[in-house]
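Written below as structure tokens is the structure these notes are about.
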Amino acid sequence: MGRNPRHDKILNLLQNLRQISVSDLTERLGVSQVTIRKDLTILEEKGLILRNHGGAMLAQATNQISTVSTRKGLFFDKKDRITSKAIELIQEGDSVCIDASSTNLLLAEKIKTLPIRVITNSLEIMKTLSSSRDITLTAIGGNFRQEASSFIGPIAEDTINQLQFDIAFIGATGISVDGDFLTHNTIEGNVKKAMLKAAKRKVILADSSKLNARSFSKFANADLIDVLITDSKFSETDLFRKMGIEVLMV
């Protein structure tokens, strides 16, 4: 099935207006409110919008997001060191939650021979670990978000809420000096938050380029995070340690 031109028009309107009502969309697009509501449901399931009372708003940044595999190659040396440090936190038999991020995709490639359970919502990580004889792999399903190759939404959150992990490794697209951890997509952010809350030890993997990087939605603040693993160019180490976060530099 091809793309629906009406969905593209809705997204274009939201990129300009940020939010819009069902009645406004009905008038602009010349279709019924029933049709518009069905369109909004489909777009929300894809993680592109958030429904609100009487309309919708964007769920993600308006700039185009590159694929996880493409982003894995950015700042590769830093991500390589960060993921090697992350492995040191994993113990045999641990249940390890890994979310859909480019750094975590690299981490997954390094843990194939560890006797642990891995829980993930990332299709790319599932593919990477599916042939491992040592990993016990648990997949979190939900609505598929193509840009991040991840499963998100209420089904994913409900699954996570029934589980508990020894440790969670979560990626971030932005970190503010106030200790806010950010992502491009609000619905994806809700899954990240659920993963953190279900984990005994909550770890952010983020290279220094993420500090002060603009992003769309906050999924955690400093109070929710135990450990930040980053590289030596991260300039706010002392500040984050004062917030109660253990900062591991590589």
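The values are calculated or read from the model by the stated rules, or taken from the named source; none is laboratory data. Predicted, not measured: the structure shown is a model, and the values here were computed from it. Note that each Cβ is placed from the backbone with ideal geometry, even for glycine, and that neighbours are counted across all protein chains shown.
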Next on the checklist: Looking for something modelled with pLDDT under 95, aromatic (Phe, Trp, Tyr) and in the same structural domain as ILE90 (by TED's automatic domain parsing) - is there at least one such residue anywhere in segment 158-178?
Outcome noted: no
Q.
Considering only segment 98-105, I want to know if a residue exists there that is surrounded by fewer than 21 Cβ atoms within 10 Å (Cβ to Cβ) and either assigned by TED's automatic domain parsing to the domain that holds THR186 or within 18 Å of ALA206 (Cβ to Cβ) (or both).
A. no
Of (1) free of Cβ contacts under 8 Å to residues at least 40 places away in the same chain; (2) part of a helix (DSSP H, G or I); (3) surrounded by fewer than 21 Cβ atoms within 10 Å (Cβ to Cβ), LYS85 fails just (1)
Conditions (1) surrounded by fewer than 22 Cβ atoms within 10 Å (Cβ to Cβ); (2) among the β-branched types (Val, Ile, Thr); (3) under 10 Å from the mean Cα position of the chain (by Cα) -> ILE187 fails only (1)
In segment 190-207, anything at pLDDT 95 or above and of a type outside the set (D, E, K, R) is listed as VAL191, ALA194, MET195, LEU196, ALA198, ALA199, VAL203, ILE204, LEU205, ALA206
Within segment 19-33, residues over 22 Å from GLN60 (Cα atoms) and not small (Gly, Ala, Ser) come out as THR26, GLU27, ARG28, LEU29, VAL31, GLN33
When restricted to ALA194, ALA148, the only residue under 18 Å from ALA108 (Cβ atoms), of a type in the set (A, V, I, L, M, F, W, C) and crowded, with 20+ Cβ neighbours inside 10 Å is ALA148
The residue that is farthest from the chain's Cα centre (by Cα), considering only those in segment 103-126 that are over 15 Å from GLN146 (Cα atoms) and in a helix (DSSP H, G or I), is LYS110
Within segment 88-102, residues closer than 26 Å to GLN146 by Cβ, part of a loop (DSSP other than H, G, I, E, B) and among the hydrophobic types (A, V, I, L, M, F, W, C) come out as ALA100
Task: Test: residue in segment 162-180 that is in a helix (DSSP H, G or I) and either in contact (Cβ under 8 Å) with a residue 40 or more places away in the chain or farther than 28 Å from ARG18 by Cα (or both) - done: no
